[in-house]
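Participant: The structure that follows is given in the form of structure tokens.
Readers should treat all values here as calculations from the given coordinates under stated rules, not as data from a laboratory. In this text the structure is predicted, and so the values were computed from the model without any measurement. Cβ coordinates were reconstructed from backbone atoms using ideal geometry, including for glycine residues, and neighbour counts include every protein chain displayed.
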């Protein structure tokens, strides 16, 4: 048994012990999404349209992560709608940023690994960069949407006669807490993954301009910023959807006045 299989086994056991049935569903969803990523790579290698494949696979990943992560239909439906809209916005922004930054293909730091190999592989690496950025933001967007919608629905369940103004106040408080932890998670995740590269740049006495214009590093930074923006948009849009449905239910007399 290699290290990866051992870690996966440990993860499965811990998720089962901590989460029980929900943990099992989460692990199954993780495996399904891993398969979806694998299919994404195969389809892009077969020259399918990268944009279309990315959109379809992203929706599948979001659906699996959200609907296997909770049982309440009101929470999952709102979280899924929020995530799809936000990812659509981020997708357009990723296309624009890639066009402006032109951070695709291989950087000069990859020259040693590519020496003697053909780079004429017939794939648009600009589209691959966009796909990478979008796939990297899916988890953060879905998590933020699920968290704030679940918390706000709990607030409504405990105090069904709450005013819209107070509900928005709770949304700001909860959203601020989610925003702080989620952004820190993204930041330190990217920092940890890029730390060896940053140390290498420093040891090679890279100029500041070269440091901030390195393709290898800039893609990571742009992905992190897109993820942070996705979290912000998810919190705002999810809060609005919850409040909108709350007002609608009060008008229909489903909730107490």
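Participant: Order 222-232, 49-59 from most to least packed using the mean count of other Cβ atoms within 10 Å. Intermediate values should be presented prior to the final figure.
Facilitator: Numbers: 222-232: 21.0, 49-59: 17.5.
Highest mean packing first, the order is 222-232, 49-59.
Participant: In Å, the Kirkwood hydrodynamic radius of the range 156-207 over pairs of distinct alpha carbons? Walk me through the numbers on the way to the answer.
Facilitator: Numbers: mean 1/r = 0.0698 Å⁻¹.
Evaluated over the range 156-207, this radius sits at 14.3 Å.
Participant: Starting with the fewest neighbours, write out 127, 158, 172 ranked by other beta-carbon atoms found within 10 Å of each beta-carbon. Present the calculation step by step, with values, prior to reporting the outcome.
Facilitator: On the way: 127 18, 158 8, 172 11.
Going from sparsest to densest Cβ surroundings: 158, 172, 127.
Participant: Right, another one. Can you tell me, using C-alpha contacts under 8 Å and at least 6 residues apart, the relative contact order of the chain as a whole percent? Spell out each step's value before the answer.
Facilitator: Values: 219 pairs, mean separation 60.4, N = 257.
It rounds to 24 percent for the chain.
Participant: Quick one: order 146, 41, 93 by neighbouring beta-carbon count within 10 Å, fewest to most. Show your work: numbers first, answer last.
Facilitator: Details: 146 24, 41 13, 93 18.
Result, fewest neighbours first: 41, 93, 146.
Participant: A further question on this structure: Take the Cα radius of gyration of the range 1-76 and divide it by 2.2 N^0.38 Å, with N its residue count; two decimals is plenty. Don't jump to the answer; show the numbers that get you there.
Facilitator: Numbers: Rg = 14.9 Å, N = 76, 2.2 N^0.38 = 11.4 Å.
So the Cα radius of gyration is 1.31 times the expected 2.2 N^0.38 Å.
Participant: Something else now. Would you mind checking the tilt of helix 164-203 against the longest principal axis of the Cα atoms of the chain, expressed as 0 to 90 degrees and rounded to 10?
Facilitator: Result, in degrees: 10.
Participant: Extent of the chain along each principal axis, from alpha carbon coordinates, in Å, largest to smallest?
Facilitator: Dimensions of the chain along the principal axes of its Cα atoms: 72, 44, 36 Å.
Participant: Can you sort 35, 90 from fewest to most other Cβ atoms within 10 Å of each residue's own Cβ? Please report the intermediate quantities before stating the final value.
Facilitator: On the way: 35 12, 90 23.
Ordered by Cβ neighbours within 10 Å, fewest first: 35, 90.
Participant: To the nearest 10 degrees, how steeply does helix 3-19 sit against the main Cα axis of the chain, on a 0 to 90 scale?
Facilitator: Taking Cα atoms only, the helix is inclined about 10 degrees.
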